[in-house]
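Structure, as C-alpha cells:
The values are calculated or read from the model by the stated rules, or taken from the named source; none is laboratory data. All values reported here derive from a predicted model rather than from experimental measurement. All Cβ positions, even for glycine, are placed from backbone atoms using ideal geometry, and neighbour counts span all protein chains on display.
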Amino acid sequence: MTTDIRITPIRASGRIPEEASLFGTAAARIVRRFHRSIPGYAPTPLHALDHLAGHCGLARFWVKDESFRFGLNAFKSLGGTRCIAAVMAERLGLDPDEADYAVLSSSESRERLGDLTFITATDGNHGRGVAWAAKLFGMKSVVYMPAGSAAERLENIRRLGASADITGVNYDDTVRFAASEAERCGYILTQDTAWPGYERIPSLIMQGYLTMADEAVESLDGEVPTHVFLQAGVGSMAGALAAYFADRFGDERPIVTIVEPHAADCIYRTAEADDGRLHAVTGAMKSIMAGLCCGEPCTTAWKLIREYADFSASMPDSTAAKGMRVLGNPLPGDPAVTSGESGASGAGLVAELMMNPGSEAQRRQLGLGADSRVLCFSTEGATDRANYRSIVWDGLFPSF
C-alpha cells in the first residue's frame, strides 16, 4: 500500500538570512513578555500522546493545542496582537519591544492615537486574530476573505466588530485587493505575508508566533524533539518557528518538515524546483485545509524555511482528515485534541507515515523511527464546526 504523499528535501543556500535574528530566543523572550501583559493570557497545553507514540512506533509524540488561545480557537491572535501593539507603540514614539498592554490601552494612548483602522485578507484565523487585537486596543478593523470561505468563520470575525466580507477571488488576489483598499482609504495593511517593499509588518506578525514555540519548549522540560512538523500557507508561522528552533537548539536542532495540501503546495514546489525563484499556485485552491490555501510564498518566510527546514511535504486532504480523527478519538490514556483541518495536518502526516506499511521509504527519508521524538502544532480547533463534524463523525468531505 502506498500513499499520495510527496516529500522533497529543502536545500539550504548556506547563507544566514539577515532576518534570522528577528526570530531567535531573544526575540521570543520580548514577544512573550508582551503577551503575558494581555488580560487572559495563559500558555496553551502541550499534550503528550504517549499511547499514540507507542502505537506509531515513536519514542514521543507531542501536540501543542492552540484551540485554547485567548478563547479564539486558534493561534493567530499572537501575531495580530504583536503587530498592532508595535504599530501603536511606534506612533506613540515608544519602543515597540518595551510597551505593554497597560500602556497601549490607556486612555492617554487612545486619545493621542485617535482612530486607526487595520485591514487584512485572511482564510479565517488570521483575520479573526487581527479583529480581536484591534478590538482589544480600541481600534477598527476591516477583513476580506477569499471565495469559498466558511460562513461560520466570517461571522466569528464580524462578531468582534470588524467590517468583514467574502470576495469572489482566491486568497492571493484577496490580499492584493486588501492592499489596494489600504492605500485608497489610508488604512494600515496588516498582512501575514511579505513581498518586496512590504516586510516590516509581516515580520512583526511572524514574531508573535514565537510565543507558541517558546511555550512548547518550556513545557518539554528539557526534552529535545528530534522532529518538528510545521504546516504552511504562505509559510509565515513555519519560517518563524524553524528559525526559532535553529537558534534555540543549535547543533541539536530538530529535523523540520513543512506540511501543505496538494492544492496549495507553493513551498513544496519552490523547494522541489530549487532554482532560486518562488513558485506560486494559481487559480482556485480547493482543500479542506482552508487555512493553508495560499498560493504565493511569503518572501521572508521562504528565506528562513530554506535555511532552517529540511523537508517539504505535499499531501492529500485524506491525510489531514486522518489527523483530525486520530487526535479527536484518542487511544485510552491519551487526551483528546479537537483539531481543525489545517491544525491536524502535521499530526495526520506523522500518523499516516508511521501507520502505513507503504510509507517505509518516506520514514527512512525523514529519519522517523523508534527513537524519534515528534512535536506537532495543532494551530486551530474546530473553527468550522459543521465541517469538523462531517469529517470526524461521518467520514465525509466537502464537495468542491
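Any idea how many residues of region 288-313 are more than 16 Å from the chain's Cα centre (by Cα) and either crowded, with 24+ Cβ neighbours inside 10 Å or not in a loop (DSSP other than H, G, I, E, B) (or both)? Matching residues across region 288-313 total 5.
Looking at region 231-243, is at least one residue farther than 27 Å from P316 by Cβ, surrounded by 24 or more Cβ atoms within 10 Å (Cβ to Cβ) and in contact with a Pro (Cβ under 9 Å, 6 or more places away or on another chain)?
Here is the first cut: in region 231-243, the residues farther than 27 Å from P316 by Cβ are 243.
Keeping just the survivors that are surrounded by 24 or more Cβ atoms within 10 Å (Cβ to Cβ) gives 243.
Remaining after also requiring in contact with a Pro (Cβ under 9 Å, 6 or more places away or on another chain): 243.
Yes, there is a match, as at least one residue in region 231-243 is farther than 27 Å from P316 by Cβ, surrounded by 24 or more Cβ atoms within 10 Å (Cβ to Cβ) and in contact with a Pro (Cβ under 9 Å, 6 or more places away or on another chain).
One residue stands out in region 149-175 among those that are among the β-branched types (V, I, T) and not in a loop (DSSP other than H, G, I, E, B): the one that is surrounded by the fewest Cβ atoms within 10 Å (Cβ to Cβ), namely I166. Evaluated against (1) over 21 Å from the mean Cα position of the chain (by Cα); (2) more than 25 Å from E90 (Cα to Cα); (3) in contact (Cβ under 8 Å) with a residue 12 or more places away in the chain, L220 falls short on exactly one condition, (1).
Among residues of region 60-77 being touching a Ser or Thr at 6+ places or on another chain (Cβ under 6 Å) and more than 19 Å from R159 (Cα to Cα), the one that is surrounded by the fewest Cβ atoms within 10 Å (Cβ to Cβ) is D65. Per the listing R69, R82, the residue uniquely in the same structural domain as A290 (by TED's automatic domain parsing) and in a helix (DSSP H, G or I) is R69. Count of region 277-313 residues, restricted to those that are touching a strand residue (DSSP E or B) at 6+ places or on another chain (Cβ under 8 Å), among the small types (G, A, S) and under 28 Å from R253 (Cα atoms), is 4.
Kindly indicate whether K322 is touching a residue at least 24 places away in the same chain (Cβ under 8 Å), more than 20 Å from V63 (Cα to Cα), in the same structural domain as Y388 (by TED's automatic domain parsing) and among the charged types (D, E, K, R).
Working: touching a residue at least 24 places away in the same chain (Cβ under 8 Å): yes; more than 20 Å from V63 (Cα to Cα): no; in the same structural domain as Y388 (by TED's automatic domain parsing): yes; among the charged types (D, E, K, R): yes.
No; evaluated as a whole, the condition is false for this residue.
Pairs, please: C-beta under 8 Å, at least 6 apart or cross-chain, first residue over 12 Å from T211 (Cβ atoms) and in contact (Cβ under 8 Å) with a residue 24 or more places away in the chain and in region 19-41, second in a helix (DSSP H, G or I) and among the β-branched types (V, I, T)? Cβ pairs passing all conditions: E19/T300.
Could you check, for region 205-217, whether at least one of its residues is assigned to a loop (DSSP other than H, G, I, E, B) and either among the charged types (D, E, K, R) or over 28 Å from D65 (Cα atoms) (or both)? For region 205-217, residues assigned to a loop (DSSP other than H, G, I, E, B) and either among the charged types (D, E, K, R) or over 28 Å from D65 (Cα atoms) (or both): absent.
Hey, any hits in region 391-398 for a residue that's under 18 Å from I288 (Cβ atoms) and assigned to a helix (DSSP H, G or I)?
Looking only at region 391-398, we keep the residues that are under 18 Å from I288 (Cβ atoms), and these are 391-398.
With the extra rule that they be assigned to a helix (DSSP H, G or I), the set shrinks to 391-392.
Within region 391-398, one or more residues are under 18 Å from I288 (Cβ atoms) and assigned to a helix (DSSP H, G or I).
Does S359 satisfy being in a helix (DSSP H, G or I) and in contact (Cβ under 8 Å) with a residue 24 or more places away in the chain? Walk me through it before giving the result.
Working: in a helix (DSSP H, G or I): yes; in contact (Cβ under 8 Å) with a residue 24 or more places away in the chain: yes.
So S359 fits the description; yes.
E272 fulfils the conditions (1) without any contact (Cβ under 8 Å) to a residue 60 or more places away in the chain; (2) of a type in the set (D, E, K, R); (3) surrounded by fewer than 19 Cβ atoms within 10 Å (Cβ to Cβ) except for a single criterion, (1).
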